[in-house]
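Here, each number is a calculation from the coordinates, and none is a lab measurement. Computed from a predicted model, the values in this text were never measured in an experiment. Backbone-built Cβ (ideal geometry, glycine too); neighbour counts: all protein chains shown.
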Amino acid sequence: MLDAPNPLSPSATEPHRDDEHASLIDASWDRSRRFGLERRETPDFHALTRSDLRLLREQHGELMMHAAPVMETLHQQIVDTDSMVALTDAHGVVLHSIGDASFEQTATLVALRPGVAWGEAHKGTNAIGTAIHEARPIVVHGREHFLTANHGLTCSAAPIFAPGGELLGVLDVTGDWRGFHKHTMGLVRMSAQMIENTLFRRRFDGELIVAFHARAEFIDTLMEGLIAIGADGRILAANRSACLQSELTLEAMRGHSALSLLRRAPNELFELAGLAINKPVLCALPSGVRIHAVVSTRSARSFHALGAVPTQSATASTRTANAAASTTAARAARARPNVLPQANFDDLDSGDPQVTGIIARLRRVAGTDVSVLLEAETGAGKEWFALALHRASARRDGPFVAINCAALPEGLIESELFGYEEGAFTGARRKGHQGKLAQAHGGTLFLDEIGDMPLAMQARLLRVLQERVVTPLGSNKSIDVDVRLVCATHKRLRDLIASGNFRDDLYYRLNGLTVRLPPLRERSDLREIVTRLLRTQGGAQWRLAPTLWPLVLRHRWPGNLRQLSNVLATAIAIASPGTVIERDHLPDDFLDDLAAETEPATPARDGTPPTSAQHAPRGGNRSLGELQQDAMQRAIERNQGNLSAAARELGISRNTLYRRLPAARRVR
């Protein structure tokens, strides 16, 4: 019999359960009851006949062909953990499975084998069946399974979608409930993405394929967006990452052409593909986001040929969140100069007195190991200043290692910072992983958004800074580390200390020199910055039309340098091959912002006078920005959460509304 979990003795390895997850499980239990299942009924051992199973496998030959090597590698990552990797079709029928010998008896007891259906109608609530119904990854652990017979299992499953968006099947890892680890779900999700991307490239082999990401080093990883373009320039298909980055559905993507989606003419893209240069080119999405893109006409590689399933290691990204282990250090090093074009103090000093003073202070501590804390709004150039400080220091020949604490899931920060030994947890690399602290030995470690680091990690980081040794997860051996620490945050750490979300002892350890980088709207050197960015991104010949300078200089640039850089890059892409940027070359959301800043306020529907900047109430601690936030929120509520309808009512674009609204108040 399976040993069922004891709910009175919660384990440290229990999965985190939030309200959304609980609701999904409750809904699945309701469906299980409606299917007529009884919780204590004997597992259904009925399986397809050999001939029927062979026919089913033949029907899913392409899926199995590309999934098999990924499953093998995934199994190698979790070997000896009393678990099994399974692939099912879209109805939950197991097509193929690989498991530890120690788990075979358990799998037999619950009928987890090829030819058996694991949809909810047959097995009740379980990761495979529930992932199919919800069309999303899910973990079902222990007593969350509807059937009592499955209470001894822990299951992590992720759906696999075809390039056209239809469900193909499910990839699942099932094991003994006592062997649960939170990282397993991440492995399964990325392995499913690996299969999807391989299928995408295979399906459109011979078509024009554009691989892109906002950060060049993420091309050729699982995070890249993939778009297939037909000979007429029409978008044929896109993978999930491409839809996520562009904020468009697959159906909406198919309504675009190469020109409208990427701001590049089809003939230009085909010409680039024919040259086979494999070097990223700058493009711009309809949202105005600048991306790096590599264009090809043949699959240059298949994901399973990389030789490893992505692990729990992660590099920083916009939000997102996970990264692929296939990003090599060499690729990242090659891409960094493109990501950070201004990387020394002379380039950063463009004439603003505040910035000149900040640089002077940083120069004075550059030759020391004094910790530096950079406080600035998002997009204000914190990483540029951190890299400039590194290059001005005696550690300039050592590594510069950056990690964004806000871009990593909480469960990955520990392994990413401190590393881990072989076998430290389910899904760990067989040879372990060197953490960022050890990678930065002899150089500089830049921790961006340090205010988002979990308290438990803050305690471990403080101990490392005090003892100058790091102990990887699963190891008893300490490794000496010698790093210069530079941290950055857009939050006030003192406020976080007061609320109990940041350790005061760590704050004083980091607070060797604190500098506040001014936002772009407070700087007097905007004209020089624009000129330098144009030269960096397009060449010395590029310039703004005289009529645009008043618009650029009066804009408040809420996204700071990052927003300005993206606007100019998009304008260059649209204006090319010309060298003068006109108003028509500017992104629509930027023009919407300008219009919103200058147009008079719209009268309220009840006939009350509009609130303008001149008549905004100065009392009651309510700024104009707060009033604008309230107006946007009310418009969203009136339109039942429909952002597009709310944006039309307000007279701005959906992207502008989405960007201006705080994440905590967005309604989807």
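Structure values in brief
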quantity: Set of lysines with alpha-carbon distance to K477 below 28 Å, sequence-local pairs under 8 removed; calculated: K182, K431, K436
quantity: Calculated P(r) of segment 520-598 - Cα pairs past 21 Å, %; calculated: 18 percent
quantity: Segment 340-516, Cα convex hull volume normalised per residue, Å³; calculated: 120 Å³
quantity: Separation of alpha-carbon centers, segment 86-156 and segment 14-81, rounded to whole Å; calculated: 3 Å
quantity: Loop-located GluC sites (Glu not before Pro) in segment 23-126, at most 13 other Cβ atoms within 10 Å (DSSP); calculated: E38, E41
quantity: Projected label distance in nm at H91 and S257, using a 7 Å step from Cα toward the beta-carbon; calculated: 4.3 nm
quantity: Separation in nanometres of the label points that stand 7 Å from Cα toward Cβ, at D232 and R543; calculated: 4.3 nm
quantity: Distance (nanometres) between label positions extended 7 Å along Cα→Cβ at R494 and N476; calculated: 4.6 nm
quantity: Kirkwood hydrodynamic radius of segment 483-566, from inverse mean 1/r over distinct Cα pairs, in Å; calculated: 15.9 Å
quantity: Contact order relative to length of segment 73-120, as percent, for alpha carbon pairs under 8 angstrom and 6 or more apart; calculated: 36 percent
quantity: Ratio Rg/Rh, restricted to segment 442-593 and using Cα atoms, in which Rh is the Kirkwood radius; calculated: 1.15
quantity: 5 Å binning of all Cα-Cα separations within segment 19-189, expressed as whole percents from 0 upward; calculated: 1, 9, 19, 24, 23, 15, 8, 2, 0
